[in-house]
Amino acid sequence: MPELPEVEVTRRGIEKHLVGRRLERAVLRAPSLRYPVPAGLAERLIGRRLASVQRRGKYLLLEFAGGHLLIHLGMSGSLRFVERDAPAGRHDHADFIFGARQLRLTDPRRFGALIWLEGDPFSHPLLASLGVEPLSRAFSAAWLKQALAGKRVAIKTALMDPHLVVGIGNIYAAESLFRAGIDPRRPAGSLSLARLERLVRAIKTTLNAAIRAGGSTLRDFCGPEGFGDFQARHQVYGRAGAPCPRCATTIRALRQGQRTTYFCPRCQR
DNA sequence: CTGGTCACCTGGAAGC
DNA sequence: TGCTTCCAGGTGACCA
């Protein structure tokens, strides 16, 4: 999926163009993505004004009068503006038409979600169980130190656990660990406060740089207004066999859990 | 609780 | 060319 930066870039695009506008029409074509899409949702949304767009982790919350539309992009989802009434392809599961602007949800793998929530959206189990926002002040080395105390899971696996800290996926976990000079296999609880300080800084810097670059580090990601930056900025992700940009040692790939990790065996200890 | 694995789904690339 | 296999941005569920 889009990791945090891609979702945040999407959020800003939607906020800039759609907040305050009335949803004229919605077309929901998939009966279910990761979860069932509520029947009758399209009709229920008609005529409602979009009040705000928030992000929590990799979830987007579109606030309408009377409820929130919760959107998750899964592994392969994207939200883009398309020409009004542009023909829908096989994986175009939803269209939200706001006057001249039409927002389209495309998600080939359908790991995403489209959920309607009335009342406090943050009490929904999916949101209530989420960890800390990595760009918030609450995400500090001191906090991380106690959160990881005694944990023997690899630090990279821990960083990707959304119940601990949200928004860091496979790409940014690898990139942040490279920036911090930490071996992704290190037991999470074994890192000193000083090293965690470096890691926290690296994560914030990496995410912020990606947001600034327009979000995209994915070859087929494109924000609401077009293509973002390309993967040229990746230091290690997807670069197995290539030289480390810092020391020229060959970058290695390994499997952690069900994911591929890329790292420099010399720079990362 | 913790850590590890599986499943969900489709498409593209690589291998034969 | 065509079939098979592997891999991909996430994360909830399940098991020992």
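What is the gain in length, in nm to one decimal, between A:SER192 and A:GLN54 on full extension, counting 0.36 nm per residue of separation less the C-alpha to C-alpha distance? Additional length available on full extension: 46.3 nm. Among A:THR10, A:THR106, the ranking by other beta carbons within 10 Å of each residue's beta carbon, starting with the fewest, stands as A:THR106, A:THR10.
As a rough footprinting exposure proxy, the listed residues A:TYR35, A:TYR237, A:TYR172 were ranked by other beta carbons within 10 Å of their own, and the order from fewest upward is A:TYR35, A:TYR237, A:TYR172. Between A:ALA194, A:ALA213, A:TRP143, the Cα set farthest toward the positive side of the dipole of region A:141-263 (charges on each charged residue's Cβ, about the Cα centre) is that of A:ALA194. Other residues with beta-carbon under 14 Å from the beta-carbon of A:THR250 carry, at +1 per Lys or Arg and -1 per Asp or Glu, a net charge of +4. Measuring from centroid to centroid over Cα atoms, what is the spacing of region A:148-214 and region A:1-40 in Å? Region A:148-214 and region A:1-40 have Cα centres spaced 28 Å from each other.
Across chain A, Cα pairs under 8 Å and at least six residues apart give a relative contact order of 18 percent.
Counting 0.36 nm for each residue step from A:MET75 to A:ALA138 and taking away their Cα separation leaves a gain of 20.0 nm.
Give the residue from A:LEU23, A:THR261, A:GLY112 lying farthest towards the positive end of the charge dipole for chain A; charges sit on Cβ (+1 for Lys and Arg, -1 for Asp and Glu) and the dipole is referred to the Cα centre. Of the options given, the answer is A:THR261.
The modelled label-to-label distance for the pair A:ARG259/A:GLU24, using points 7 Å beyond Cα in the direction of Cβ, is 4.0 nm. The charge dipole of region A:4-128, taken about its Cα centre with unit charges on the Cβ atoms of Lys, Arg (+1), Asp and Glu (-1) only, comes to about 180 debye. Taken about its Cα centre, region A:141-263 carries a charge dipole of about 500 debye when Lys and Arg each add +1 at the Cβ and Asp and Glu each add -1 at the Cβ. The angle between the Cα long axis of helix A:4-18 and the main principal axis of chain A comes to about 30°, on a 0 to 90 degree scale. Rounded to the nearest whole Hz, the Karplus-based 3J(HN,Hα) values (6.51 cos²θ - 1.76 cosθ + 1.60, θ = phi - 60°) of region A:36-46 follow the sequence x, 8, x, 5, x, 5, 4, 5, 5, 7, 3, with x at glycine and proline. For chain A, the Cβ-based charge dipole about the Cα centre amounts to some 1000 debye (Lys, Arg positive; Asp, Glu negative; other atoms uncharged). Available extension along the chain between A:ARG201 and A:SER129 is 23.5 nm, counting 0.36 nm per residue and deducting the alpha carbon span.
So, R0 is 25 Å and r is the distance between the beta-carbons of A:ALA39 and A:GLU118; what FRET efficiency does that work out to, to 0.05? It comes to 0.95. Percent of Cα pairs in chain A per distance bin of 10 Å, from zero to the largest separation: 7, 29, 32, 20, 10, 2.
We did not get these values from a lab; they are worked out from the coordinates using the rules stated. Since we're looking at a predicted model, the values are computed, not measured. Here the Cβ is made from the backbone with ideal geometry for all residues, glycine too, and neighbour counts use every protein chain on show.
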